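Notes follow once the structure below has been shown.
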Amino acid sequence: MRRRDFVFGALGAGLASSGALDPFVWSDPTAKAAPVRGVIPYGTAVRTDLLDTEFDYKAAIVDHCQLVVGEGGLKWFDLRPSEDQFVFDQPDRLIDFADRNGMQMRGHTLAWYGAMPDWTQTIASPAQAERELVHHITTVVGRYQGRIPSWDVVNEAIAEHPESGATIRNSIWQERLGKRYIELALRTAADVDPSAQLVINDYNIENPTQQCRDRRQALLDLLRDLKDRDVPLHAVGIQGHLPGDMEIDKEGLSKFVEAVKGMQLEVLVTELDVIDNKLPAREYDRDQIVAARAGDFLKAISDVARPSAILTWGITDRYTWVPTWFKRDDGKPNRPLPLDAGCRPKALMKVIDEFTGAAE
Ligand code: 9MR
């Protein structure tokens, strides 16, 4: 039985529960998996252009996933080559692929500092910035209204090193509109598709460093402020690009999720992978550490709240952003994802199966 059928079958049989999953003991290879009490959809970021040519890649996605998200395609850089153009080829193809295979597509992303086309530098005034952002969100969310059930509306809004008074990251939106761009983006998305789950998505919050503590606090302050003013917002996306050589701050992360839950917000894991450039060369050892790190991360979250989805940022080591920034010194290929370069499951896939409830 394909994993997908198992999950949908289980959902149909009413096995989904709202409680947290039992803790998964990743470190003991003889331990039995916790009983399945809930089912969380799993998905991956997809390079849409490969779906037509890489059969095993496509088959792996269909086999394992209930969700897809474009690794690119909906970013301004891809969608908006010029001020008056919207190029929807990639997201149209991906949503069609999702529909034909019984999956759902997440939208990534509407307001981000990154992947911006050069012409956006000419956005000069606050009024023009507001017009452009509203026009973009209205057009893009409107096109897929009722079909994309969850949007990363605002991506990576928290400053890399938040300091008092400067907790929001620089971007064309922040520079022209101040932090009210976040509210504007959320309100616009909610107006266009009131049924969509609206997400604020961010990374680098899970390690035991002062930077992560500051970033967690800055994110919580932002969420509190939005909630206090009834800005439509439903969830926090925890990206989960985990540095493999760093411990997870389990207590800090659980407390963060507890605070998010206390604000009646959901959590989801949106971009999980483990950056393995500093991990041992031997593949077996590396894969075990990668799986353990992800297990610690997912446990710290799942102990407190059941994530509404878990997505990895790619599914096979063959296609990953990681070597762009984190190549290994020994020249060996990175192994950050659940399937190896030949699309065979690694230890990380097993961990994900345990936490999503799809393990048999
Ligand atoms: O993996 C993505 C890479 O292919 C793109 O070039 C890059 C810029 O658009 O974005 C990468 O994805 C990022 C995601 O959109 C936001 N969180 C961090 C991801 C990895 O850099």
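Key figures for this structure:
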| item | result |
| --- | --- |
| Identity of the residue in the stretch 260-286, more than 29 Å from Leu220 (Cα to Cα) and surrounded by fewer than 19 Cβ atoms within 10 Å (Cβ to Cβ), that ends up nearest to the chain's Cα centre (by Cα) | Asn277 |
| Residue selected from the stretch 101-116 under the condition on the phi < 0 side of the Ramachandran plot, of a type outside the set (A, V, I, L, M, F, W, C) and not in a strand (DSSP E or B), by the criterion farthest from the ligand (Cβ to nearest atom) | Asn101 |
| Members of the stretch 317-332 found to be farther than 16 Å from Asp56 by Cα and either away from the ligand (no atom under 16 Å from the Cβ) or of a type in the set (Val, Ile, Thr) (or both), listed by number | Val322, Thr324, Arg328, Asp329, Asp330, Gly331, Lys332 |
| Of all residues making up the stretch 223-255, the number that are part of a helix (DSSP H, G or I) and surrounded by 23 or more Cβ atoms within 10 Å (Cβ to Cβ) | 1 |
| Residue match in the stretch 296-307 (condition: in a loop (DSSP other than H, G, I, E, B), touching a Gly at 6+ places or on another chain (Cβ under 9 Å) and surrounded by fewer than 24 Cβ atoms within 10 Å (Cβ to Cβ)) | yes |
| Filtered residue count, the stretch 74-90, keeping only those that are surrounded by 14 or more Cβ atoms within 10 Å (Cβ to Cβ) and more than 22 Å from Gln121 (Cβ to Cβ) | 2 |
| Top-ranked residue in the stretch 117-142 [being of a type outside the set (Ser, Thr, Tyr) and not in a helix (DSSP H, G or I); ranked as surrounded by the most Cβ atoms within 10 Å (Cβ to Cβ)] | Ile123 |
| Single unsatisfied condition, Arg187 versus (1) part of a helix (DSSP H, G or I); (2) in contact with an Asp or Glu (Cβ under 9 Å, 6 or more places away or on another chain) | (2) |
| The stretch 203-218 residues that are under 10 Å from Gly252 (Cα atoms) and open to solvent by 10 Å² or more (accessible area, probe 1.4 Å), paired with ones that are more than 16 Å from the ligand (Cβ to nearest atom) and not in a helix (DSSP H, G or I) (beta carbon under 6 Å, 6 or more apart) | Pro208/Glu247; Pro208/Asp249 |
| Failed item, numbered, when Ile40 is tested on (1) buried (at least 22 other Cβ atoms within 10 Å of the Cβ); (2) modelled with pLDDT under 95 | (2) |
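The values are calculated or read from the model by the stated rules, or taken from the named source; none is laboratory data. A quick note: this is a predicted structure, and the numbers were derived from the prediction, not measured. Here Cβ is always computed from backbone atoms with ideal geometry, including for glycine, and neighbour counts include all displayed protein chains. Remember, those area values only see protein heavy atoms, side chains included, never the ligands or the DNA or RNA. Shrake-Rupley method; radii C 1.70, N 1.55, O 1.52, S 1.80 Å.
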